[in-house]
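The values are calculated or read from the model by the stated rules, or taken from the named source; none is laboratory data. This structure is a prediction, so every number in the text was calculated from the model and none was measured. Here the Cβ positions follow ideal geometry from the backbone for every residue, glycine too, while neighbour counts run over all protein chains shown.
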Amino acid sequence: MFRRSIVLLAAVLAFSPGVAAAGASAPAANPYERGPAPTEQALLAPLGSFTYSTVVVPRSQVTGFGGGTIYYPDDTSQGTYGGVVAVPGFVSPEGAVAWLGPHMASRGFVVFTIATTSPFDQPTARGKQLLAALDHLTQRTPDAVRKRLDPARLAVTGHSMGGGGALYASGARPGIKAAIPLAPYNQDKTWNEVATPTLVVGGSADQIASVDKHARPFYNSLTGARDRGLLNVAAADHGDFTQENSITGRYAAAWLKRFVDEDTRYDQYLCPATGGPGVTEYSASCPLS
């Protein structure tokens, strides 16, 4: 009887003119939600559901970094997309982060994989180049890119010293929505000034930027970030993060979807902080603010 009364009350309210008008004007629960409902299989796949195009940005046309390649979804029917800039590590070319372009653009992001001004740039320099590339992405890219990009929803990622640079960039620019340092290397181990939701990713077989000496100290120092995670990928060495990796891609895509797109459909893939196949360790603060 109680359940029937609730149903009848809902029906009455639905046919009330005042309530109907209010309901019609109510905004969508999440205006940034893009793409189909996620599944574990889809997150582990190399590509998502969006087709994408690319545009090359020559070094001669930029300031503060070494040029790069922009990957952007073809679909314009779902509104604008969040942006992600990725920088490689020490003595590495743009190609070391190129896999992130298709991986994330096909999931509904505008992705800018960049080259550095010098292969020997240190983490701070790489972080400053991430910021310069974010500015270029939002202000000086072709119309086809800018009309798809939401300049208020941006993220950074990078490999090795580029991962250390991602920590610097998110600390220097608090408006960044998400950061994903991959096998990050930085002599500075204290990042309590970072408030950006940050997923630190390391590999259990990494002898260059080991989890114990780099990723875990970074994670532990992120006391200013309400949302933070530490992913230790089983048997992954330093070079494994320069190519398509289903475990890294799964967590990184879910992190960007959750904190750049504010898509709570991805909560289940990040919290509670339990590991799974291919994962040595996964820890997370899990408030999902």
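Among the residues of the stretch 230-249, count how many are charged (D, E, K, R) and crowded, with 21+ Cβ neighbours inside 10 Å. Give the derivation first.
Let us first name the residues in the stretch 230-249 that are charged (D, E, K, R), namely 237, 240, 244.
Applying the additional criterion that residues be crowded, with 21+ Cβ neighbours inside 10 Å yields none.
Of the residues in that region, 0 qualify.
When the residues of the stretch 42-65 are narrowed to those that are part of a loop (DSSP other than H, G, I, E, B) and small (Gly, Ala, Ser), which ends up surrounded by the most Cβ atoms within 10 Å (Cβ to Cβ)?
Within the stretch 42-65, the match that is surrounded by the most Cβ atoms within 10 Å (Cβ to Cβ) is Gly48.
Look through the stretch 68-90, keep the residues that are touching a residue at least 24 places away in the same chain (Cβ under 8 Å), polar (S, T, N, Q) and in a loop (DSSP other than H, G, I, E, B), and return whichever of them is surrounded by the most Cβ atoms within 10 Å (Cβ to Cβ). Before the answer, list the steps.
Going residue by residue through the stretch 68-90, those that are touching a residue at least 24 places away in the same chain (Cβ under 8 Å) are 68-76, 78-90.
Applying the additional criterion that residues be polar (S, T, N, Q) yields 69, 76, 78, 80.
Okay, now just the ones that are also in a loop (DSSP other than H, G, I, E, B), so 76, 78, 80.
On the way: Thr76: 11, Gln78: 14, Thr80: 19.
Within the stretch 68-90, the match that is surrounded by the most Cβ atoms within 10 Å (Cβ to Cβ) is Thr80.
Ala273 - would you say it is surrounded by fewer than 16 Cβ atoms within 10 Å (Cβ to Cβ) and touching a strand residue (DSSP E or B) at 6+ places or on another chain (Cβ under 6 Å)?
Yes: the conditions hold for Ala273.
Do we find that Leu199 is under 11 Å from the mean Cα position of the chain (by Cα), more than 15 Å from Gly83 (Cα to Cα), at pLDDT 95 or above and not in a loop (DSSP other than H, G, I, E, B) in this structure? It would help to see each step written out before you state the result.
Working: under 11 Å from the mean Cα position of the chain (by Cα): yes; more than 15 Å from Gly83 (Cα to Cα): yes; at pLDDT 95 or above: yes; not in a loop (DSSP other than H, G, I, E, B): yes.
So Leu199 passes the test.
Tell me whether the stretch 171-190 contains one or more residues that are closer than 29 Å to Ser106 by Cβ and over 17 Å from the mean Cα position of the chain (by Cα).
Looking through the stretch 171-190, at least one residue is closer than 29 Å to Ser106 by Cβ and over 17 Å from the mean Cα position of the chain (by Cα).
For the stretch 245-256, what are the residues that are touching a Leu at 6+ places or on another chain (Cβ under 9 Å) and either under 13 Å from Leu44 (Cα atoms) or not hydrophobic (A, V, I, L, M, F, W, C) (or both)?
Ser246, Ile247, Thr248, Gly249, Arg250, Tyr251, Ala252, Ala253, Ala254
Quick check, is Glu262 within 25 Å of Val85 (Cβ to Cβ) and either not in a helix (DSSP H, G or I) or not hydrophobic (A, V, I, L, M, F, W, C) (or both)?
The answer is yes for Glu262.
Any idea which of Arg216, Arg226 is among the basic types (Lys, Arg), more than 13 Å from the chain's Cα centre (by Cα) and in a loop (DSSP other than H, G, I, E, B)?
Arg226
Out of all the residues in the stretch 233-247, is one or more in a loop (DSSP other than H, G, I, E, B), of a type in the set (S, T, N, Q) and over 23 Å from Ile114 (Cα atoms)?
There is no residue in the stretch 233-247 that is in a loop (DSSP other than H, G, I, E, B), of a type in the set (S, T, N, Q) and over 23 Å from Ile114 (Cα atoms).
How many residues, within the stretch 124-162, are within 15 Å of Glu94 (Cβ to Cβ) and not aliphatic (A, V, I, L, M)?
Residues in the stretch 124-162 being within 15 Å of Glu94 (Cβ to Cβ) and not aliphatic (A, V, I, L, M): 8 in total.
Return the pair list, or none, for Cβ contacts closer than 8 Å from residues in the stretch 31-47 that are more than 14 Å from Phe109 (Cα to Cα) to residues that are of a type in the set (D, E, K, R) and surrounded by 12 or more Cβ atoms within 10 Å (Cβ to Cβ), at least 6 apart or on different chains.
Ala37/Arg265; Pro38/Lys257; Pro38/Arg265; Glu40/Arg250; Leu43/Arg250; Leu44/Arg250; Pro46/Glu244
Within the stretch 95-102, is there a residue that is modelled with pLDDT of 95 or more, under 17 Å from the mean Cα position of the chain (by Cα), β-branched (Val, Ile, Thr) and on the phi < 0 side of the Ramachandran plot?
Yes, the stretch 95-102 has at least one match.
Residue-wise test of (1) under 26 Å from Leu154 (Cβ atoms); (2) in contact (Cβ under 8 Å) with a residue 12 or more places away in the chain.
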residue: Val200; (1), (2): yes, yes
residue: His214; (1), (2): yes, yes
residue: Phe218; (1), (2): yes, yes
residue: Arg226; (1), (2): yes, yes
residue: Ala234; (1), (2): no, yes
residue: Lys257; (1), (2): yes, yes
residue: Arg265; (1), (2): yes, yes
residue: Tyr269; (1), (2): yes, yes
residue: Gly275; (1), (2): no, no
